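So the structure is just underneath, and the comments pick up after that.
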Amino acid sequence: MQYPQWIWQNGAIKPWAEATTHVMSHALHYGSSVFEGIRCYDTASGPAIFRLTDHNRRLYLSAKIHEIDIPYSLDEINAACREVIAANGNTTDYLRPVAYRGLGGFGLSAETPVDVAVATWKMGKYLGDEALSSGIDACVSSWQRFAPNTIPAGAKAGGNYLSGTLVAREARRLGFGEGIALASTGLLSEGAGENLFLVFDGALHTTPVSAALLNGITRNSIITLARDAGLQVIERDLPREYLYLCDELFMCGTAAEITPIRSVDGRQVGAGKAGPVTRRIQELFFGLFDGSTPDRYGWLEAV
Ligand code: PMP
């Protein structure tokens with residue numbers, strides 16, 4: 001992998017190779033970190049970071065859940081994100097702010113210093129170059145999401161991603177493009193790192209935050225764009241078999257953007273390709289970056 005030249009760590013831009021941390025850092029052992037994934041898009045008026053402030057607000061919410069005191073303000077983290085993109089010459093498309101318990105104690109409740117970094121790199125298409133147009137084949141994972149009141153699904157915390165890693169690796173091992181997890185209730189939850197939308201009779205149905213999922217910013221953007229375009233959106237509990245019955249299915253997330261799903265568990269979904277509602281949502285979403293969808297929401301934040 002080709003790494004970018006610069007990274008932001010604890011208040012300063014430094015060369016990538018110098019952004020190191022101690023092997024006895026708390027987060028490395030216990031997953032005690034919170035982070036964000038944010039995309040930067042080229043637009044007619046220059047590079048723009050998509051919902052930078054909303055993402056970093058969620059970083060603070062995740063930190064609040066885990067009592068991680070981030071020693072910088074929201075404005076400072078926003079500025080660090082802009083700074084690291086610019087330092088790398090606007091050649092990257094993805095930002096990764098992370099705050100983690102560092103070196104300073106080995107007990108589970110240790111009050112260690114909190115270290116913060118903001119990395120950026122070129123991600124490209126997360127689920128493959130063809131995924132956005134041709135769609136992917138997904139499977140329901142044998143791994144469920146965490147049960148309520150165990151690990152909080154609403155925090156974007158490092159430790160949570162052991163769940164997503166099991167789901168994603170199992171799916172790839174079995175030859176699928178991505179895995180979909182059920183909640184401990186047996187109802188649909190979300191993809192390894194993506195939220196889900198099912199389409200029935202032209203209406204969008206998405207699983208509720210009570211289904212052990214991350215309240216995705218892409219999910220929220222789609223709900224807003226779809227409703228503003230006159231489409232119906234319903235947040236509701238959905239049983240697994242609806243994956244096989246729906247007219248269209250797609251997953252969404254900062255990395256996956258809007259990825260159609262053409263089959264689940266080897267069963268064709270709808271026509272087995274991106275359907276009209278999925279394509280309309282892609283148009284509305286990607287239109288924000290080429291200007292065909294007006295940004296009425298202040299979501300594009302200039303670098
Ligand atoms: N669920 C999980 C588990 C995720 O990791 C992500 C990616 N952050 C999402 C959903 C989608 O969230 P967002 O649209 O905010 O990227």
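We did not get these values from a lab; they are worked out from the coordinates using the rules stated. Note that this is a predicted model, so its numbers are computed, not measured. Positions of Cβ are generated from backbone atoms using ideal geometry, with glycine treated the same way; all protein chains shown enter the neighbour counts.
Structural remarks
- Most mobile listed residue (Leu225, Leu108, Leu28) in the chain, GNM with C-alpha springs under 10 Å: Leu108
- Two-site label geometry, Phe106 and Ala229: point separation in nm, points 7 Å out along Cα→Cβ: 5.5 nm
- Crossing angle, helix 276-290 versus the chain [Cα axis fit, 0-90 degrees, rounded to tens]: 30 degrees
- Within the stretch 6-38, backbone nitrogen closer than 20 Å to the virtual label 7 Å beyond the Cα of Leu166 toward Cβ: 28-33
- Counting only Cβ charges, +1 for Lys and Arg and -1 for Asp and Glu, the dipole size of the chain around its Cα centre is about 320 debye.
- Relative contact order (%) - the chain, alpha-carbon pairs under 8 angstrom, separation at least six: 19 percent
- Here's how it looks for Glu248: its modeled amide H is under 5 Å from those of Val199, which are all 5 or more places away or on a different chain.
- Taking the Cα centre of the stretch 131-289 as origin and assigning +1 to Lys and Arg Cβ atoms and -1 to Asp and Glu Cβ atoms, the resulting dipole is close to 260 debye.
- For the chain, the longest principal axis of the Cα atoms and the long axis of helix 52-65 meet at an angle of about 70 degrees.
- With neighbour counts taken as other beta-carbon atoms within 10 Å, the residues Arg39, Arg240 rank, fewest first, as Arg240, Arg39.
- Potential lengthening between Asp295 and Arg236 on full extension [0.36 nm per residue; Cα-Cα distance subtracted]: 18.5 nm
- Counting all C-alpha pairs of the stretch 24-82, share separated by more than 13 Å (%): 66 percent
- The calculated FRET efficiency for the pair Arg279 and Ala17, based on their C-beta separation and a Förster distance of 35 Å, comes to about 0.20.
- Think of the chain as having a plus end and a minus end, set by charges on the Cβ of Lys, Arg, Asp and Glu; of Pro152, Ile38, Ser163, Ser163 sits farthest toward the positive end of this dipole.
- For a label point 7 Å along the Cα-to-beta-carbon line of Met123, residues of the stretch 252-269 with backbone N under 17 Å: 252-260
- Among Gly287, Gly154, Gly230, the residue with the largest mean-square fluctuation in a Gaussian network model of the chain, with springs joining Cα atoms closer than 10 Å, is Gly230.
- GNM on the chain, alpha-carbon springs under 10 angstrom: the most fluctuating residue among Asn88, Asn215, Asn56 is Asn88.
- Zero-based 5 Å bins, Cα pair distances in the stretch 6-121, whole percents: 2, 12, 23, 22, 19, 12, 6, 3, 1, 0, 0
- Scattering profile of the stretch 131-289 at q = 0.15 Å⁻¹ [log10 I(q)/I(0), Debye over alpha-carbon scatterers]: -0.71
- Taking Cα atoms only, the orientation of helix 74-87 departs from the longest principal axis of the chain by about 90 degrees.
- Rg/Rg_ref, the stretch 124-170, where Rg_ref = 2.2 N^0.38 Å and atoms are Cα: 1.42
- Taking one quarter of the surface of the convex hull spanned by the alpha-carbon atoms of the chain gives a direction-averaged projected area of 15.2 nm².
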